[in-house]
Amino acid sequence: MLPKPKTKRHVYLDHAATTYMDKRVLEAMRSFFIKNYGNPSSIYTLGRQASQYLNQARKKIANLINTRPLQIVFTAGGTESDNMAIYGVAYEHQNQGRHIVSIAIEHHAVLNPLQDLAKQGWEITYVKIDKYGRVDPKDVAKAIRPDTVLVSIMYANNEIGAIEPIAQIGREILKYRKQHSSVYPFFHTDACQAAGYLDMDVEKLHVDLMTVNGSKIYGPKGAGFLYIRQGIKIKPLILGGSQERKLRAGTENVPAIMGLARAFELAQAGRIKNSAKIAKLRDYLWQKIRTQIKGIKLNGPDLGADRLPNNLNVSFNDVEGEAMLLYLDEYGIMCSTGSACNSDSLDPSHVLTAIGLPYELAHGSLRFSLGAVNTKADIDYTMKYLPLIINQLREISPTNLEKKQHAKYKK
């Protein structure tokens, strides 16, 4: 039997799923619920004031990514922004070609639209990735064809933390356009996981469309934006009013947008300092795991520049990921698994299988994603119980029981 903790600690290690809201962000939103509540499309004073605040938020975000305010379209989050980029470009430019290039480890907010387009007759090329989840920019360039209208490669992976060489890919795409005297393909990146840790300058990255959401950067859920480079037309998915340059109809969620802008501002201002602090803590966790638990494998890049500083994805032999989550939760420890435990599918993570992990190892993975409030005490508390949980689950695993039974008959 596993021991019960004398004092149950609350340890949240799932910041890649969502983050709490920073108090400074909440403060930036507060007045827009009860005082500055006007509709930005209204022409009376309260509405004009709301419009001015909206423009301020748009300008703040534009400055942070080195673009113009008109290139920012506010959405209800990362999924909508990804859908807007994929479908918007595809439907607007399908007369130029019906081919898209991507990679197999994208978030489902990208993969599912691509699969849907494939059913509609589009051809999708998934460029190979290496065992660390990284794609070679040259391979992306080789996949581009005369009928390619879009390349969509995520900035950083949500499961294994792999940071893709977006700037190099962007340069390859620019080179292709110049050689072929074409404006195609456009280049989109899902930067939701990257926004709190990496440089988001769209000119340095050479991207044409970029997705960001608030719930990964200590901002509000249900808020995000899509950057669209000047001159690129996309087909709107939500029709109605003329909001967001007629690209996204519906009254803007001003409180959430103000929170998003403040969260993004804070994330970018503190990203270097926070990255160093969190990476040190992440490395401490990995050192504890690798010295205290046998039969493990680090998934994704080595702990360095090619990996998000908050990410640690580990597979444990002969253990089910869902079982580990449930046991950890009993101790107040929260992380996630590569297995699809919260969906209708029992298939292992598409990311882990794409980098070549066997089915069994993919099912026995945990993702620890650290955040700003985590401490060394959190890691020590986690490691007080994680080895015990792994040993307990291995004792009762079918593989171990089979070995014991075999040994019994052998005697």
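Which residues, taken from the range 285-298, are exposed (fewer than 14 other Cβ atoms within 10 Å of the Cβ) and either within 18 Å of Leu370 (Cα to Cα) or in the same structural domain as Pro220 (by TED's automatic domain parsing) (or both)? Scanning the range 285-298 gives Gln287, Arg290.
Looking across the range 56-91, just one residue is in contact with a Pro (Cβ under 7 Å, 6 or more places away or on another chain) and among the polar types (S, T, N, Q), and that is Asn83.
Among the residues making up the range 299-319, those that are crowded, with 19+ Cβ neighbours inside 10 Å and either of a type in the set (Asp, Glu) or over 22 Å from Tyr381 (Cβ atoms) (or both) are Asn299, Gly300, Pro301, Arg307, Leu308, Ser315.
Would you confirm whether or not the range 199-222 contains a residue that is in contact (Cβ under 8 Å) with a residue 40 or more places away in the chain, over 16 Å from Met21 (Cβ atoms) and touching a Pro at 6+ places or on another chain (Cβ under 7 Å)? No, because not a single residue in the range 199-222 is in contact (Cβ under 8 Å) with a residue 40 or more places away in the chain, over 16 Å from Met21 (Cβ atoms) and touching a Pro at 6+ places or on another chain (Cβ under 7 Å).
Which of the residues that make up the range 258-287 are of a type in the set (Gly, Ala, Ser) and under 23 Å from Pro301 (Cβ atoms)?
Selection gives Ala267, Ser275, Ala276, Ala279.
Scanning the range 278-300 for residues that are in contact with a Leu (Cβ under 9 Å, 6 or more places away or on another chain) and either in contact (Cβ under 8 Å) with a residue 40 or more places away in the chain or assigned to a strand (DSSP E or B) (or both) yields Ile278, Leu281, Arg282, Leu285, Lys288, Ile289, Gln292, Ile293, Lys297, Leu298, Asn299, Gly300. Every listed requirement among (1) surrounded by fewer than 18 Cβ atoms within 10 Å (Cβ to Cβ); (2) under 26 Å from the mean Cα position of the chain (by Cα) is met by Gly78 save one, (1).
When Lys131, Lys138, Lys178 are checked against the criterion of being among the basic types (Lys, Arg), free of Cβ contacts under 8 Å to residues at least 12 places away in the same chain, in the same structural domain as Gly222 (by TED's automatic domain parsing) and surrounded by fewer than 18 Cβ atoms within 10 Å (Cβ to Cβ), a single residue qualifies: Lys178.
The values are calculated or read from the model by the stated rules, or taken from the named source; none is laboratory data. Because the structure is a prediction, the values reported are computed rather than measured. Backbone-built Cβ (ideal geometry, glycine too); neighbour counts: all protein chains shown.
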